[in-house]
Amino acid sequence: MDVHQLQQQIRDYAAYIGIDKIGFASAAPFVELKQRLIRHRELGYESGFEEKDLDKRTTPTLLLPGAQSIIAIAVAYPSKMNDSPKSTRGERRGLFCRASWGTDYHLVLKDMLTELEAFILTLVPDAKLKSMVDTGELSDRAVSERAGIGWSGKNTMIITEEFGSYVYLGEMITNIPFVPDTPMEDQCGDCRLCMDVCPTGALVQPGQLNAQRCIAFLTQTKNPVPLEFRDKIGNRIYGCDTCQTVCPKNRKKYNQHQEAFKPDGELVKPLLKPLLQLSNRQFKERFGHMSGSWRGKNPIQRNALIALAHFKDETALPDIHRILQEDARPMMRGTAAWATAKILDDSSIAILESCLQNEEEESVRLEIEAALAEFKEKEENMDG
């Protein structure tokens, strides 16, 4: 079969099964990317979630011997929620980022790629194929950029003309010698809004992200959030969309056509206080189908404490005090101590002092001592 005809059939079938964009790229090594990744690692900018082997990240033939091409796909996700529930006094809500709305995109895109693989094998029975979404070795963004899906923005996102940067990416390595598509020109121009508004300054230069400062990363860690970032997290309990929502290329890109990603407002903007009560089983039953659940309930509950402190929600103090006094997790006790100091209700002082006497974990003791110091400073300011 003529390769151009084959590519057109694949494009048509991809559209038929709901893939929003598809492109074809060479499977040549990503030489320039490897140099950037080496420097990225030297600077300490990695998140730790990436594939450690830089050769595997940049050499497709290591993943599929005989690889000649890569098929890149993009599937749009919504940026807007209809009938969004409101956060009100005493009933404060957190927020999952847009990439965690609806069904876990890893599952949706993997199903699409599996279906696309089956179709290709009906046309080329001896084809070799290897697909991946997000957690694979290759850089989804580098593949998409090479395949002409979009350009790499200053916020490190792939930006498409049709859907902005609100797209999930996946790819399929193959030994079929497809005709490569043409990469798109960078259309960011002089705009640097994403860099200017990043709450933590994580975008250190155009196209370079220090993941260790990125709120999206910080909300997923299983360790205590460093003090300098807690006030900047706000009510985000998973991920961050700031560098996307300010992007002019995302203006009026609502992308509400993919049924699998339509958000349930009560899940993506959940009430914060009930989150603190959930068992592991309850968390999985309620949020397990969302991509934002992949790290389990602990980071989400820690982030809920930070969000309640952000709102200075006095009605949450009984829940926060309970965690401080009874929770088995040092990270939660420490964050609860910090949250009590942010809410600054004098009812917390006796509880903090009592917990300090009984606390054996040094990191938690430091948090409690810092909280008590804030109360003391408040008293001194009132006296002054």
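A compact table of results
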| read-out | value |
| --- | --- |
| Nearest-ten-degree value, helix 31-42 long axis tilted from longest Cα axis of the chain | 20 degrees |
| Radius of gyration, Dmax [the stretch 1-132; alpha carbons; angstrom] | 19.5, 65 |
| Sorted by Cβ density within 10 Å, fewest first, the residues LEU305, LEU227 | LEU227, LEU305 |
| Cys with no candidate disulfide partner in the chain (beta-carbon separation under 4.7 Å rule) | CYS97, CYS188, CYS191, CYS198, CYS214, CYS240, CYS247, CYS355 |
| Candidates per trypsin sites (Lys or Arg not before Pro) in the stretch 196-243, loop by DSSP, up to 12 other Cβ within 10 Å | LYS222 |
| 4 °C / 1.567 mPa s Stokes-Einstein diffusion coefficient of the stretch 155-313, Kirkwood radius on C-alpha pairs, µm²/s | 72 µm²/s |
| Convex hull (Cα only) mean projected area of the stretch 315-384, reported in nm² to one decimal | 4.2 nm² |
| Burial order of peptide ranges 322-330, 291-299 (average beta-carbon count within 10 Å, highest first) | 291-299, 322-330 |
| Sorted by Cβ density within 10 Å, fewest first, the residues CYS188, CYS243, CYS194 | CYS188, CYS194, CYS243 |
| Charge context of SER144, other residues only, Cβ under 11 angstrom, K/R +1, D/E -1 | -1 |
| Low-density loop cleavage sites - trypsin sites (Lys or Arg not before Pro) in the stretch 40-148, where at most 16 other Cβ are within 10 Å (DSSP) | LYS52, LYS80, LYS86, ARG89, LYS128 |
| Share, in percent, of DSSP beta bridges within the chain that are antiparallel, nearest 5 | 95 percent |
| Relative exposure of ILE215, ILE349, judged by other C-beta atoms within 10 Å (fewest first) | ILE349, ILE215 |
| Per-residue ³J(HN,Hα) for the stretch 299-315, Karplus 6.51 cos²θ - 1.76 cosθ + 1.60, θ = phi - 60°, Hz, x for Gly and Pro | x, 5, 5, 4, 5, 5, 4, 4, 5, 5, 5, 4, 7, 6, 7, 4, 5 |
| Ratio of the Cα radius of gyration of the stretch 246-299 to 2.2 N^0.38 Å, where N counts its residues | 1.43 |
| Sequence-separation-based contact order of the stretch 315-384, relative, with Cα cut under 8 Å and 6+ spacing, percent | 33 percent |
| Sites matching chymotrypsin sites (Phe, Trp or Tyr not before Pro) across the stretch 30-122 that sit in DSSP coil, with at most 13 neighbouring C-beta atoms within 10 Å | PHE49 |
| Over the chain, relative contact order from alpha-carbon pairs under 8 Å, at least 6 apart, % | 20 percent |
| Local electrostatic count at GLN244 - Lys and Arg +1, Asp and Glu -1, tallied over other residues with Cβ under 10 Å | +2 |
| Net charge contributed by nearby residues that have their C-beta within less than 10 Å of THR315 (K/R +1, D/E -1) | -1 |
| With Cα atoms, 0 to 90° folded angle of helix 105-123 axis to the chain main axis | 10 degrees |
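FYI, it's all coordinate maths here, none of it is from the lab. All values reported here derive from a predicted model rather than from experimental measurement. Cβ coordinates were reconstructed from backbone atoms using ideal geometry, including for glycine residues, and neighbour counts include every protein chain displayed.
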